[in-house]
Amino acid sequence: MIETRRLALDVRYNSYPFAGQVGGDIESLTYTDSAADNSDSIDITINAQDRKWLLGWMPEKGATLRARILGYNWERQGQRSIMECGLFVLDDVSFSDAPTTLQVGGVSKPSDSDFSELERDVIWKNTSIKRIGAKIAARYGLAFTYDADDYDIECDEQDGTDSSYYNGLCKNYGLILKVYARRLWVYDREKYKAKRAVRTFDRSQIRPGSFGYTTTLSGTYTGGYFNYTDADKDIDIECSVGGGSHTKSVNRRATSVYDASVQLCAELNSANHGTVKLRFGVDGDWRVSAGNCIALTGFGNLNGKYFVDKVTHKISSNGLTTDFECSGIGPAFHSWDVGGKIVYHEKTADSGVSYDSTYATTSPAAGAASAAAGGEAGQAITLNKAPLYVSSTAKNKAGTKTGTYWLYDGILINGRYRVTNSAARCGKLPVGQNVTGWVPASYCIASEEAKK
């Protein structure tokens, strides 16, 4: 006897059977599997005509939901396929009447809201990206998987939630953070792109009307430069890779040429990812997950290997459909191709007198603006989570500072002052050894001591 394909759902709400009790009440289920940035998500539409939904079965926000999609005879007789969708926290519950419908939505994030909502001030010292991730995962009782090279972190300041901070730190080094089934998973996307394709899709298998291909050259970088001034060590770190007419400049904290080269390549590879986009749908696929590679045939010049950014599975009265969003795989930048150097600032003997050449070399307009803003060399100021920049023109902050600092020379340039962490360093040479960094004037509040 030949059996036809059939589907079933195993959905558990707060560990109790949900679909088993609901039976035919579930009208549709959509599960989205994302490779980066976004959490996986699930959306369920329920026929809520039965009054049981208003008399106690209504799900609550913050509850957990685990789902599996079961398939029988999908590719061959007797085959049983299982798709583990993972564990979700319900964050969206809505009810409408006439027709009576209940919609439930969830995301794969920790049920402890502190992960994405609690702001923390933490100084991470003499550690690594892997060890930081393991500590954050343990804080929420999450498992932790790290599938990438580890990178040392000499000193880094967290000013934000664990979720946003760790995601940003991973991105700086070309790593992807994903939350899945009560687990933090970190992987190297460029290394995953080098893996073999798990499945090949021919043009004949693709659902009519679902195929789309786009490409752009405007976002493709051919090289880049990294420049960072370490005021504490009094050095400049410089490196570059590639060349051509479309390059990207990166200015961010680094501790060595190697550290800078890894971050530079990560920035370029991330910017170039997605310049070739592919989307298509098929009749229910069980084997491909986000983060895999697939191969395309039957499309001539479009044939080749692609990285899967997102997979969306939908079950409805029409059965199971699967839609893919993919990115093309091109040549990557590697840290071993980067050339760089460390430039040590020239040492100048301390004359024992206050350094005032800044005033002599600053334009009259800058001096006038400084006077109007009320800044004076040696003035004590109080900072509260003030953004710190490596120069007066740097776009990205190097960190934040809180506490008592002093205006190094009182000169306002581009709306920022140079600050130092000791009154004895104000105006002294060399500048790199005595200046902590640049802070926007709006954060420079005169301390109580200075007001006396």
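Using the Cβ-Cβ distance between ALA271 and ALA446 with R0 set to 56 Å, the FRET efficiency from 1/(1 + (r/R0)^6) comes to roughly 0.85. Computed over region 176-277, the quotient of the alpha carbon radius of gyration and 2.2 N^0.38 Å is 1.46. Using the 1.4 Å probe convention, the accessible area of region 173-275 works out to 46 Å² per residue with neighbouring protein chains retained. When only the Cβ of Lys, Arg, Asp and Glu is charged (+1, +1, -1, -1), the dipole of the chain relative to its Cα centre reaches about 840 debye.
Once the Cβ-Cβ distance of THR214 and LYS125 is raised to the sixth power relative to R0 = 45 Å, the FRET efficiency obtained is 0.50.
Among the listed pairs LYS248/LYS341; LYS171/LYS314; LYS195/LYS277; LYS191/LYS401; LYS135/LYS277, a Cα-Cα separation exceeding 26 Å is found for LYS171/LYS314; LYS191/LYS401; LYS135/LYS277.
Expressed per residue, the C-alpha convex hull volume of the chain stands at 208 Å³. A Förster distance of 35 Å, applied to the separation of the beta-carbon atoms of GLU60 and THR297, puts the FRET efficiency at 0.15. Summarising the label geometry, the points placed 7 Å from Cα in the beta-carbon direction at ASP112 and ARG183 lie 1.9 nm from one another. The simple spin-label model puts a point 7 Å past each Cα toward its Cβ; for THR101 and ASN384 those points are separated by 4.8 nm. Note down the relative contact order for the chain as a percent, whole number, built from C-alpha pairs under 8 angstrom at least six residues apart. After rounding, I find 12 percent. What longest range of the chain stays clear of loop-exposed GluC sites (Glu not before Pro) (DSSP non-H/G/I/E/B, at most 10 other C-beta within 10 angstrom)? Result for the longest clean stretch: 61-345.
Here the accessible area is traced with a 1.4 Å probe on the protein chains. For region 89-160, carbon and sulfur cover 42 percent of it. Counting only protein heavy atoms and a 1.4 Å probe, region 39-121 has 51 square angstrom of accessible area per residue. Each residue of region 109-243 gets 194 Å³ once the volume of the Cα convex hull is shared out per residue. Computed in the context of the full set of protein chains, the accessible area of region 175-271 at 1.4 Å probe radius has 49% of its extent on carbon or sulfur.
The values are calculated or read from the model by the stated rules, or taken from the named source; none is laboratory data. If you're wondering where the values come from, they're calculated on a predicted model, not measured in any experiment. Cβ atoms come from the backbone with ideal geometry, glycine included; neighbour counts cover every protein chain shown. Ligands, DNA and RNA are excluded from the accessible area calculation, which covers all protein heavy atoms including side chains. Shrake-Rupley method; radii C 1.70, N 1.55, O 1.52, S 1.80 Å.
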